[in-house]
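Beneath this line is the structure, given in structure tokens, with notes to follow.
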Amino acid sequence: MERLNPLDAFFLFVEDGTTHMHIASCAVFEGPAPEYERVAASIGSKLDRVPRYRQRVRFVPLQLGRPVWVDDPHFKLEYHLRHTALPPPGGDRELHALMGRLMSQELDRHRPLWEAWLVEGLRPDRWALVTKIHHSMADGVAGNDLLAAILDVERDAEPVAAAPWRPEPEPSGVALAGDALLDAVRTATTTALAAGRALGAPAHAWSEVRALAGGALSFARRVPPPPASSLVGTIGPHRRWTSVVAPLDDVKAVRRALGGTVNDVIVAVVTGGLRTLLLGRGESAAGHVVRTLVPVSVRNEDEHGAFDNRVSAMVADLPLAVADPVERLRAVRAQMEQLKASHQTLAGQGVTALGELAPSAALAFAERASMQVLRRLPQHTLNAVVTNVPGPQFPLFLGGREMLEYLPFVPIVYGMRIGVAIVSYNGRLAFGLTGDYDSVPDLDVLAEGIEKSLAELVTLARPAR
């Protein structure tokens with residue numbers, strides 16, 4: 001039995017039938033597709049590496065504590081690993097439509113919170129594995145680790161016999177409540193000890209408080225909503241999805257020639273794509289910014305393999321009004337440097353830490369109530385989400401087939417109609433674009449704008465002959 005941390009629990013409590021809190025990926029492999037049984041055997045032989053795949057969520061009676069992960073005595077791999085095929089002609093359009101439908105369906109909370117779909121019929125001579133996990137299980141970095149755990153690093157790796165698995169007995173409601181009370185005592189003791197250490201080093205404690213206050217003030221400055229646009233508003237339960245793939249070397253070449261970090265270039269490219277989308281709708285970009293949530297991993301190197309959420313965030317104003325690609329990159333770079341110095345990520349971690357102290361019942365009620373309010377009165381402060389996660393820079397395999405592309409999916413929430421997830425894999429960079437089905441019928445325009453924005457920067461980065 002393992003208790004969810006406050007951020008894990010948050011992603012469970014805010015899900016309400018319209019806001020789906022799962023993250024996902026579409027891994028495209030060289031063909032032909034292996035037999036379902038071979039894929040099942042390969043994944044089944046590695047489940048010991050990922051205990052969470054055979055665990056489900058149990059809620060504590062009377063919300064006395066945060067939910068816990070417990071072994072599912074009825075776990076069956078064939079329920080979670082499904083098999084389907086694309087209709088002809090099996091191109092990107094059909095694959096994107098399938099992803100949109102799968103991402104519009106919530107996971108069954110009575111079972112382990114993941115699904116995988118073996119997708120055949122992808123042309124030319126390709127197949128895919130769509131993997132969907134609840135955000136309460138993992139953040140983007142841990143999601144990469146989850147996928148890597150069930151893939152092979154060698155093409156000819158043969159499945160080994162799965163080790164016998166015996167689930168731990170499920171705890172009773174009384175045991176769950178008792179453990180939650182003990183956990184509350186442990187948390188209070190840990191907090192008291194931390195406060196004592198802070199009093200013993202007042203200079204360090206004051207420095208931490210100042211940093212937290214600075215980060216909170218930086219967040220507060222971005223509470224007033226930016227100018228209204230069609231990018232912000234109500235959403236429904238259905239999703240659209242599409243993708244863009246580019247060489248990672250192109251982004252690195254832009255960084256070397258024009259400055260900034262790889263992430264600065266990526267954010268500038270997404271900004272250019274959003275500008276194209278807004279102009280394509282006949283709206284003016286003058287004076288316009290897109291207030292964007294930028295998740296930031298706070299996971300240490302030795303914490304890879306921990307399947308939970310260890311993430312904070314920054315809030316950036318993407319400068320859609322800047323038409324020149326180089327000036328746009330400079331504006332993004334300056335803002336990202338400013339945000340890093342503002343301690344916004346530290347303030348986000350502080351809010352999560354306070355969740356450890358808040359009564360679970362009150363926390364769950366507040367989070368669910370806030371989503372009900374947002375359903376009726378959508379927020380306009382945050383317009384989009386852009387998340388960038390580095391992936392493995394070496395080939396991975398499943399069933400003897402090499403993974404060619406790794407395409408990500410990020411969820412959207414009330415008031416936020418567009419999300420962009422970026423993952424690098426083996427020298428390629430993939431943008432996964434999520435849109436609300438009804439209000440973003442032109443998601444392909446955003447994809448074209450991202451391609452155009454990157455191409456402009458690559459051209460400008462080339463030395464003059």
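The values are calculated or read from the model by the stated rules, or taken from the named source; none is laboratory data. Quick caveat: nothing in here was measured; it's all calculated off a predicted structure. Note: ideal-geometry Cβ built from the backbone for every residue, glycine included; neighbour counts use all protein chains shown. What goes into the accessible areas is simple: the full protein's heavy atoms, side chains included, and nothing from ligands, DNA or RNA. Shrake-Rupley method; radii C 1.70, N 1.55, O 1.52, S 1.80 Å.
Structure values in brief
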item	result
Qualifying positions in the stretch 52-89 - among the aromatic types (Phe, Trp, Tyr) and open to solvent by 30 Å² or more (accessible area, probe 1.4 Å)	59, 75, 79
Residue within the stretch 84-95 that is in contact (Cβ under 8 Å) with a residue 40 or more places away in the chain and touching a Ser or Thr at 6+ places or on another chain (Cβ under 7 Å) present	no
Segments classed as helices (runs of 4 or more DSSP H), wholly inside the stretch 310-417, with at least 2 members that are at pLDDT 70 or above, basic (Lys, Arg) and within 23 Å of the chain's Cα centre (by Cα)	325-341
Qualifying residues in the stretch 260-291 (those that are polar (S, T, N, Q) and closer than 23 Å to residue 379 by Cα) - the one farthest from the chain's Cα centre (by Cα)	284
Test: residue in the stretch 271-283 that is under 18 Å from residue 459 (Cβ atoms), part of a helix (DSSP H, G or I) and β-branched (Val, Ile, Thr)	yes
Number of positions in the stretch 134-154 that are modelled with pLDDT of 90 or more and open to solvent by 10 Å² or more (accessible area, probe 1.4 Å)	4
Checklist (1) surrounded by 13 or more Cβ atoms within 10 Å (Cβ to Cβ); (2) in contact (Cβ under 8 Å) with a residue 60 or more places away in the chain applied to residue 178, failing item	(2)
Failed condition for residue 92, given (1) open to solvent by less than 30 Å² (accessible area, probe 1.4 Å); (2) out of contact with any Leu (no Cβ under 6 Å at 6 or more places or on another chain)	(1)
Condition met for residue 102 (under 22 Å from the mean Cα position of the chain (by Cα) and of a type in the set (A, V, I, L, M))	yes
Failed criterion for residue 14 (all others in (1) surrounded by fewer than 17 Cβ atoms within 10 Å (Cβ to Cβ); (2) in contact with a helix residue (DSSP H, G or I) (Cβ under 9 Å, 6 or more places away or on another chain) hold)	(1)
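To keep it simple, each residue is scored yes or no on (1) surrounded by fewer than 19 Cβ atoms within 10 Å (Cβ to Cβ); (2) over 23 Å from residue 108 (Cα atoms).
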site: 1; (1), (2): yes, no
site: 18; (1), (2): yes, no
site: 25; (1), (2): no, no
site: 30; (1), (2): yes, yes
site: 36; (1), (2): yes, no
site: 42; (1), (2): no, yes
